[in-house]
1. If a residue counts only when it is farther than 30 Å from Phe59 by Cα, assigned by TED's automatic domain parsing to the domain that holds His44 and basic (Lys, Arg), which helices (runs of 4 or more DSSP H) contained entirely in the stretch 89-183 have at least 3 such residues?
2. Would you call Ala154 loosely packed, with under 13 Cβ neighbours inside 10 Å, touching a residue at least 60 places away in the same chain (Cβ under 8 Å) and of a type in the set (Gly, Ala, Ser)?
3. Being assigned to a strand (DSSP E or B) and either crowded, with 19+ Cβ neighbours inside 10 Å or aliphatic (A, V, I, L, M) (or both) is the filter here, so list the residues in the stretch 184-202 that pass it.
4. Answer yes if at least one residue in the stretch 14-25 is of a type in the set (D, E, K, R), closer than 18 Å to Arg169 by Cβ and surrounded by 15 or more Cβ atoms within 10 Å (Cβ to Cβ), and no otherwise.
5. Evaluate the stretch 53-69: report whether one residue or more is without any contact (Cβ under 8 Å) to a residue 12 or more places away in the chain, crowded, with 17+ Cβ neighbours inside 10 Å and within 20 Å of the chain's Cα centre (by Cα).
6. Pull out all pairs, ordered by first then second residue, where Cβ-Cβ is under 7 Å, the residues are six or more apart or on different chains, the first lies in the stretch 31-50 and is loosely packed, with under 15 Cβ neighbours inside 10 Å, and the second is assigned to a helix (DSSP H, G or I).
7. If a residue has to be in a helix (DSSP H, G or I), surrounded by fewer than 17 Cβ atoms within 10 Å (Cβ to Cβ) and either under 18 Å from the mean Cα position of the chain (by Cα) or β-branched (Val, Ile, Thr) (or both) to count, how many in the stretch 73-88 make the cut?
8. Collect the residues in the stretch 169-183 that are crowded, with 17+ Cβ neighbours inside 10 Å and touching a residue at least 24 places away in the same chain (Cβ under 8 Å), keeping them in residue-number order.
Amino acid sequence: MTRFLYFDLGNVLVNFSHERMCRQVADVLAVSPEAAHQVLFTEHWQNRYELGEITTAEFCSELNRYFDRQVPAERIERAASDIFWLNEPIVELVDRLKQRGMPIGILSNTCSGHWNHVVREILAPRLIDFSPVILSYEVGVMKPNPEIYRIAAARVGPAIDEILFIDDRQENVEGAWQAGFVAHHYTSVSAAESWLTSLRVI
């Protein structure tokens, strides 16, 4: 049996804080964190960004317009994206998978600003060789929509008999199950390791 493993990005390979995002965006725009949260999440601007419906430039421009500001886009993008840190315990697990020759990719709901920041600041120095990388803003659909799993399956090709998937959100795991993936709800590295061991992957 030929297998392939997709990792989710946020709260699996890297950790993040939406609270930090709202606070930092609020600081650069000189508004309250509550106001930033309202625009980013209650009004679903972040979802639109992660679906690729708006670009980074449009995202920053819309924030400036909404709050009647003229903050440089680079400052807004940095404030909205510098919210991640490496999930250190998972590095050893990824290294073990690579040593075993397990092909691994990334399947993530994310936006271009977040992805570019994570690659530049976190993944490039420490975690490499993920292929393919399926990102919601590039394919225009988000987990748990069935279409993103179909795209992910098609990208690894017909030679793969079984696709494994690790994600921290139960609804995304259930979407993967429905798509025919063998999926694990991530709660800790040790639990993921036990799951992979039970499947004789490591």
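The values are calculated or read from the model by the stated rules, or taken from the named source; none is laboratory data. These numbers were taken from a predicted model, which means no experiment stands behind them. Every residue, glycine as well, gets a Cβ built from its backbone with ideal geometry; the counts of neighbours run over all protein chains shown.
1. none
2. Taking the combined requirement at face value, the residue does not satisfy it.
3. His184
4. Scanning the stretch 14-25 turns up no residue that is of a type in the set (D, E, K, R), closer than 18 Å to Arg169 by Cβ and surrounded by 15 or more Cβ atoms within 10 Å (Cβ to Cβ).
5. Yes, the stretch 53-69 contains a residue that is without any contact (Cβ under 8 Å) to a residue 12 or more places away in the chain, crowded, with 17+ Cβ neighbours inside 10 Å and within 20 Å of the chain's Cα centre (by Cα).
6. As it stands, the answer is Ser32/Ala26, since those pairs meet every condition given.
7. 1
8. Hits for the stretch 169-183 are Arg169, Asn172, Gly175, Ala176, Ala179, Phe181.
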